[in-house]
Each structure stands twice: as structure tokens, then as C-alpha cells.
Amino acid sequence: MEELMSNEHSTRQRAPRSFPYELRTFPCRLVDGEVPAEVSAWIQAVALGFHGDAPTPELAKRYVECEQADERMATGAYLKDTVSPAGAWGVDYPVATYAYHRKTLNVGGGTLLPVHQITAVTVRPSHRRRGLLRAMMGSDLAQAKAAGIPVAALTASEATIYGRFGFGVATHASDIEVNVKGGLDFIVPAAAEQGQVEIADPATVRDVHNEVFAKVHAGRYGSIGRHDMYRLSASGHGNYGSMEPVKNVRAALHYDQHGAVDGYVTYKPSTDSSLATVQIVDLLAASDGAYLALWKFLGSLDLIEVITWSMAPVVDPLEWAMAAKRRYKRTSTEDLLWLRILDTPAALAARDYRADGSLTIHVGDPLGHASGIFRIDVIHGKATVTRCPEDGSVPFGLSMGVSELSSLYLGAVSAQTLHAAGRIREDLAGTVAAFDALFAAKESAHCMTNF
């Protein structure tokens, strides 16, 4: 997620502060073919927060063209009833920024659940610790809940900010290095020989990205929708910060047995190592066969010793397909997707379940959106979720916060682990094990999207 905030906070009592700000929300779109002044100032404030170059009018227009395709809504916090000091940015520039767009989340069983994706969060250093993030986040989540969106999501570059708002880590991604010196051999060679891989112009990836991603997204548990800028960044045709094409990006397409494109890889040389290295820019594959075939292609590149990738799945078929498993090196693993359940019955009823069963849980939510006592009854892999009275008449087996439930939702962690960490309470013996049996995922969730 595009965001920048200090994670420092205090538990000391403080005197109430005035809130000299006005929150305004508006669409990121062109008007008569031009960027409105309000949107332009907001873009400049976002660039400041991420230490990016000040966008030119032409660059801002390119950004807005993509954001308009996503129907992105921007929020700015503006000083009110004041004037800026001489020489400083005027009050028409927001001191804090925030945005959202809405896509879908693959929660298994063929279900793509509507999701509220938060991005572009910044607060100007001179206006921090004044409740701006809480005001923007609180207002936005309430509106998303009112609109019937059951889950919110973000990707975070700082890991200690969003738990207080009910977000929990839902997927991870790994940085990997694969030694391909002399080629890449497979235990079952035929597994990596399905379909056909051919070199293509990177512009082709830009054009087929949305179609290929739709295939991958429909079948990949944990996948979340991509914003329009991905067409450009995946193909080396631009990204936030610069819309100049990256000249050394190369591409290869995978064709299935019917000749349809069902995967691609884009890659470029890397100078971060003393070894001859290629860095994967983006890799999408709609089938296991396409995935391994693209890796076989990468392993066949002449003069290359190492392939690196920063978005590899934590559970990676490649690692177990390679004849020499030691040549697969996982250098780091970090959280990627964070979820925040807004509507507990809707979210829990939407996901797929591996086993049948029943249990009752208590969920706490500091913002009130997901809190309550809920009975979950799963029959043939589908859940009915019933809100129960909170008058003490209904016993519950587990107590947890919405952040914990959001992490459990796709199977990023087990209830047993969170119980051992002191983050959930077992009120009836055996409920932790029952929860894990009910919520066990059929596969490891993997998100391929930063936003």
C-alpha cells in the first residue's frame, strides 16, 4: 500500500486538541481532458509524502487516466479557517492524503468477494499526531461498511500502524534467488513442458495483462484485484514516479494447448549482485504447467546464473519441482496483504471451508463494525453465520479481536498459534482445535498485487 506514517504513539493521557482540518473526498478523474486543480494538488501532496519527484502536468494526467479507470476516490485533509505562512504551500494543498478503489478478493470456492482497497496514505510531518489518520480511516471504513463492502484491504510499508484499526496480516510473499547456472532441471521434466513459451514485445504484456490477470485471479486463492497502473508497471511502460519506458525489460508469453495466452513473465538484468542476474518484474500463470514452463524458460537464458523474484509464493511449487532443491534460496519473507473484516457474517459466509462443523466466537472491534457473538454452521463447505444475543445467554468458545479474525480469514496463521501468542482466548476447551479444523485452507493464500 502507498502509505507513510510514523508508528510512534503514546499511551499517556493527553488534553483534547482542536481539529483544524476539513476532510474532502473527490474522484480522481479528468475534467474536459485536464487534471482539476484539486486533484493536481492532491497528487503533489502524495508525491511529497513518498519523496517522489514533483509530477509535471503531463505526468499527473497519465496518473489520473489510470486512476480514473479504477474509479479511485481521493481524500485530502485541508487546513480550515487559517492562512499559510508566506512562502509555504497554500491551504489548497492537503496536509494528509488517503484514497481507495474497489476490486475483488478471491476467498476460495470460486467466490470473488467485493473488497475496499486503501492506498496513498500520507501525513505531512508537521501535522502528525493530530488524529488525521484516525479521522480519515474511521470515516472511510464507516462509509465502506454502509456501502455493503464486507472487507477492507491494504498493503503496508510500515508494519505497526494498522493493527489498531482492525487490520491483520492475511498473506505473505517471499524474496527468492534461484541458481540456474547450467540450466534448470526438473524432477518430472514433463511437468515443465506443457504448452509453449515464446519471446514477445513487452508492449504485448501491457495489452494482454488484464485478460491474463483475470484468469489467474479467478483461480488463485488470496488474490486481490489489480489497479490499472499494473498494465504499465508489469510491462516496463511506466509507474508512479516515472512514465518513461524501462528499455531493458524483456517479455515471454505462455500459450496453452489451444494457443491462448495464459501466462507471461517480464524480466530485466540486475546489477545488485556480482553474479549474472535477471530480476523478474512480473510473473502470472493461470496453471501450474504454465508456471513451471515459464521458469524452465528463465532457466534457459544464456549467460545468466541467478534469477531473483520479490513476489514468490511462500508455498512455491517450483521449490519442489526442481531436481536440485538447494538451488532455490528464500532470502526473506514479509507480510504483503492486510485485511480488515467490516461485516463478520457476510465475510465468513463468503469464504470456502474444508470441513463441516459448528462453533461460536466472540469478536471485539474498537470501531464497532465487526463486533458481536457469531455462530458459524458449515454444511458441505458453505457457512451460515448467525448473530447471537450479547446478554450472556449464548456461550462462546473463542474470543478474539477483529485483527486476529482478519488474519485467520485466509489461513495466514492458525488459531493455535495465535492462542500460543496470547492473542485469542479459548473460553471452551477444544474450540481452538475445532476452529482450525473448520478454517483450514485447501491451499496457501497468495496475493500477487501491491497497491
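With respect to the stated conditions, residue 75 is surrounded by 17 or more Cβ atoms within 10 Å (Cβ to Cβ), of a type outside the set (Gly, Ala, Ser) and at pLDDT 95 or above. The criterion of being in the same structural domain as residue 359 (by TED's automatic domain parsing) and touching a residue at least 60 places away in the same chain (Cβ under 8 Å) does not hold for residue 445. In the condition set (1) more than 17 Å from residue 353 (Cβ to Cβ); (2) surrounded by 15 or more Cβ atoms within 10 Å (Cβ to Cβ); (3) out of contact with any Pro (no Cβ under 9 Å at 6 or more places or on another chain), residue 390 is compliant with all but (2). Beta carbons closer than 7 Å, at least 6 apart along the sequence or on distinct chains, pair a first residue in region 308-321 that is assigned to a strand (DSSP E or B) with a second that is modelled with pLDDT under 95 and surrounded by 15 or more Cβ atoms within 10 Å (Cβ to Cβ) for 308/270. Among the residues making up region 133-158, those that are part of a loop (DSSP other than H, G, I, E, B) and not aliphatic (A, V, I, L, M) are 148, 150, 157, 158.
Listed conditions (1) within 25 Å of residue 173 (Cβ to Cβ); (2) among the polar types (S, T, N, Q); (3) surrounded by 14 or more Cβ atoms within 10 Å (Cβ to Cβ) are all met by residue 160, apart from (3). Residues in region 409-422: is at least one in the same structural domain as residue 353 (by TED's automatic domain parsing), in a loop (DSSP other than H, G, I, E, B), in contact with a helix residue (DSSP H, G or I) (Cβ under 7 Å, 6 or more places away or on another chain) and closer than 16 Å to residue 372 by Cα? No - not one qualifying residue is present in region 409-422. Considering 227, 258, the condition of being closer than 24 Å to residue 67 by Cα and either out of contact with any Asp or Glu (no Cβ under 8 Å at 6 or more places or on another chain) or of a type outside the set (A, V, I, L, M) (or both) is satisfied by 227 alone. When 356, 365 are screened for being touching a residue at least 24 places away in the same chain (Cβ under 8 Å), more than 22 Å from residue 425 (Cα to Cα), touching a strand residue (DSSP E or B) at 6+ places or on another chain (Cβ under 8 Å) and surrounded by fewer than 20 Cβ atoms within 10 Å (Cβ to Cβ), only 356 passes.
Name the residues in region 261-302 that are part of a loop (DSSP other than H, G, I, E, B) and at pLDDT 95 or above, would you? Spell out how you get there, then give the answer.
To start, the set of residues in region 261-302 that are part of a loop (DSSP other than H, G, I, E, B) comprises 271-276, 286-287, 300-302.
Once the filter is applied, which keeps residues that are part of a loop (DSSP other than H, G, I, E, B) and at pLDDT 95 or above, region 261-302 yields 276, 286, 287, 300, 301, 302.
Would you check if residue 375 is assigned to a strand (DSSP E or B), modelled with pLDDT of 95 or more and at negative phi? Yes: the conditions hold for residue 375.
The values are calculated or read from the model by the stated rules, or taken from the named source; none is laboratory data. For clarity, every value in this text was computed on a predicted model and none was experimentally measured. All Cβ positions, even for glycine, are placed from backbone atoms using ideal geometry, and neighbour counts span all protein chains on display.
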